[in-house]
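Values in this text are rule-based calculations from the coordinates and carry no lab data. Fair warning: this is a prediction, and the values are worked out from it, not measured in the lab. Every residue, glycine among them, receives a Cβ derived from its backbone with ideal geometry; neighbour counts consider all protein chains shown.
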Amino acid sequence: MRCFIGIFLPRETQQIIHDMCPNLPNIRWTKSERYHITMKFVANLDQSLVPSMLEETSMISSAMPVSCRATVLDGFPKRGRARVVIVRIESGGLLESLVDDSQFQPHITVGYARRRSQTVPDTSLDVAFDLCDVRLIESRDGKYRTISE
């Protein structure tokens, strides 16, 4: 199964960030209720490994709350040739300390280019919020399901 450990943003923060995103042509915007920071992604998780993923979810959850700031709208792989539109997140290194990946850069995916790469305008955000809502999610056919057992 396709799974990830995600920290979901507070509802009011989701709406603030959604409202701050510029109206860009040819971008398919993510629904704001799906805004999260992916802490770990597993493309093909064997069912037998779900308990260990739930343990990791619990470990990350025990570090909450984490104070964060949404800083800038950006593009991946590059602002000038973006296939994915993201919001960069700063946490003073706290989120980075919770994962094993040294290249981890906390971000929220807010949109995808519909066709070719897009240029994402330099847009500063400066939205402060606390993260608390950690979940293990199964993603199937574009739908999310929280795994709790």
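Going by the structure shown, is PHE129 within 30 Å of ILE27 (Cβ to Cβ), of a type outside the set (D, E, K, R), touching a helix residue (DSSP H, G or I) at 6+ places or on another chain (Cβ under 7 Å) and assigned to a loop (DSSP other than H, G, I, E, B)? Reasoning before the result, please.
Details: within 30 Å of ILE27 (Cβ to Cβ): yes; of a type outside the set (D, E, K, R): yes; touching a helix residue (DSSP H, G or I) at 6+ places or on another chain (Cβ under 7 Å): yes; assigned to a loop (DSSP other than H, G, I, E, B): no.
When the stated conditions are applied, PHE129 does not pass them.
State all residues of region 40-67 that are within 18 Å of ASP101 (Cβ to Cβ) and either in contact with a strand residue (DSSP E or B) (Cβ under 6 Å, 6 or more places away or on another chain) or surrounded by 17 or more Cβ atoms within 10 Å (Cβ to Cβ) (or both); if no residue qualifies, say none.
Residues satisfying the conditions are LYS40, PHE41, VAL42, LEU45, MET53, GLU56, THR57, ILE60, VAL66.
Quick one: in region 1-19, of everything that is surrounded by 13 or more Cβ atoms within 10 Å (Cβ to Cβ) and more than 14 Å from the chain's Cα centre (by Cα), which residue is farthest from ILE86 (Cα to Cα)?
In the first step, residues of region 1-19 are kept if they are surrounded by 13 or more Cβ atoms within 10 Å (Cβ to Cβ); the result is 1-10, 13-18.
Within this subset, residues satisfying the condition of being more than 14 Å from the chain's Cα centre (by Cα) are 1-2, 15-16.
Working: MET1: 25, ARG2: 21, GLN15: 15, ILE16: 15 Å.
Filtering region 1-19 for residues that are surrounded by 13 or more Cβ atoms within 10 Å (Cβ to Cβ) and more than 14 Å from the chain's Cα centre (by Cα), the one farthest from ILE86 (Cα to Cα) comes out as MET1.
Among the residues of region 55-74, write down those that are assigned to a strand (DSSP E or B) and under 14 Å from MET39 (Cα atoms). Give the derivation first.
Taking region 55-74 and keeping what is assigned to a strand (DSSP E or B), we get 66-74.
Hit for region 55-74 is VAL66, nothing else.
Give the residue that is surrounded by the fewest Cβ atoms within 10 Å (Cβ to Cβ), with candidates limited to residues of region 75-101 that are small (Gly, Ala, Ser) and part of a strand (DSSP E or B). Even if it seems obvious, please write down each step before you answer.
Pass one, region 75-101, residues small (Gly, Ala, Ser): 75, 80, 82, 91-93, 97.
Okay, now just the ones that are also part of a strand (DSSP E or B), so 75, 82.
Numbers: GLY75: 20, ALA82: 22.
By that ranking, first place goes to GLY75.
Is at least one residue of region 20-39 over 14 Å from the mean Cα position of the chain (by Cα), surrounded by 16 or more Cβ atoms within 10 Å (Cβ to Cβ) and assigned to a loop (DSSP other than H, G, I, E, B)? Before the answer, list the steps.
Pass one, region 20-39, residues over 14 Å from the mean Cα position of the chain (by Cα): 20-28.
In the following step, the residues that additionally are surrounded by 16 or more Cβ atoms within 10 Å (Cβ to Cβ) were identified as 20-21, 24, 27.
Checking the rest, the ones that are also assigned to a loop (DSSP other than H, G, I, E, B) come to 21, 24.
Yes; the residues of region 20-39 include at least one that is over 14 Å from the mean Cα position of the chain (by Cα), surrounded by 16 or more Cβ atoms within 10 Å (Cβ to Cβ) and assigned to a loop (DSSP other than H, G, I, E, B).
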